[in-house]
Amino acid sequence: MLARRERWGLSWRGRLVLLFILALAAGAWVLNIHPFLAQTKRVDARILVVEGWVHPFAIRTAVEEFHEHHYDKVFSTGGPVVGSGGYFNDFNTSASVGAESLVQLGLPKELVQMVPSHVSGRDRTFSSALALREYFQTNGLAVKSFNVLTEDAHARRTWLLFQKAFGREVTVGIISAPSPEYDAKHWWRYSEGVREILGESIAYLYAALFFHPAAPQT
């Protein structure tokens, strides 16, 4: 009824070594996760894409970006405004809100184009990227590269999803507008920083590991 079996386990020294390794890994994650998520990597492009849902500080950054890097055109993307209950017209989308904000801050109206998505709920960033790709194709724009500006730690995920939507034939750059709500170098000291980093870390892992859309059709 009873049997005696030999069991291997960590000694107290082994437990200390394991705890030390885990502490080092946690420390490295804390120090490096924000620069990883809030990535900025521009490419040579004449088109700037702005995610329309971003807060005013990011809109201001987009206007500065436009003037400093001499873009020819700005496209504002986004789906139905959160809380609106879904799509019912183009002017009730983040794309429209973002475009209006860019114009209010001084960008010429003729250089700003809203590109609304009709999708609300999940995968909104990817759906916005698909809507932009469809707009380029429908209007005969042979775009080979563009930069996307978004907010803080959302940048890495936006970059990944836009590149998935456009495929390898289009080079996508990314620009992260730093949040004034917390010190990026010490994000763990701020409730806003903790919410942002933990949420975006989980969302990025989902997008990178589990989100596999069909290859874009040309």
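The values are calculated or read from the model by the stated rules, or taken from the named source; none is laboratory data. All figures in this text were calculated on a predicted structure; none of them were measured in a lab. Don't worry about glycine lacking a Cβ; one is built from the backbone with ideal geometry, like all the others, and counts go over all protein chains shown. Ligands, DNA and RNA are excluded from the accessible area calculation, which covers all protein heavy atoms including side chains. Shrake-Rupley method; radii C 1.70, N 1.55, O 1.52, S 1.80 Å.
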Within the stretch 104-147, tally of residues that are assigned to a strand (DSSP E or B), touching a residue at least 40 places away in the same chain (Cβ under 8 Å) and in contact with a Leu (Cβ under 8 Å, 6 or more places away or on another chain): 3
Residues that are in contact (Cβ under 8 Å) with a residue 12 or more places away in the chain and open to solvent by less than 40 Å² (accessible area, probe 1.4 Å), drawn from the stretch 185-207: Trp187, Gly193, Ile197, Glu200, Ser201, Ala203, Ala207
Every residue from the stretch 161-218 that is in contact with a Leu (Cβ under 9 Å, 6 or more places away or on another chain), farther than 24 Å from Val143 by Cα and among the aliphatic types (A, V, I, L, M): Ile197, Ala207, Ala208
Qualifying residue in the stretch 71-84 (condition: without any contact (Cβ under 8 Å) to a residue 60 or more places away in the chain, crowded, with 20+ Cβ neighbours inside 10 Å, under 19 Å from Leu130 (Cβ atoms) and touching a Lys or Arg at 6+ places or on another chain (Cβ under 6 Å)): yes
Failed item, numbered, when Lys164 is tested on (1) touching a strand residue (DSSP E or B) at 6+ places or on another chain (Cβ under 6 Å); (2) over 22 Å from Val63 (Cα atoms); (3) open to solvent by 40 Å² or more (accessible area, probe 1.4 Å); (4) in contact (Cβ under 8 Å) with a residue 24 or more places away in the chain: (1)
Exclusive hit being open to solvent by less than 30 Å² (accessible area, probe 1.4 Å) and more than 15 Å from the chain's Cα centre (by Cα), set Ala142, Ala129, Ala99: Ala99
Boolean, Thr150 is in contact with a Ser or Thr (Cβ under 7 Å, 6 or more places away or on another chain) and assigned to a helix (DSSP H, G or I): no
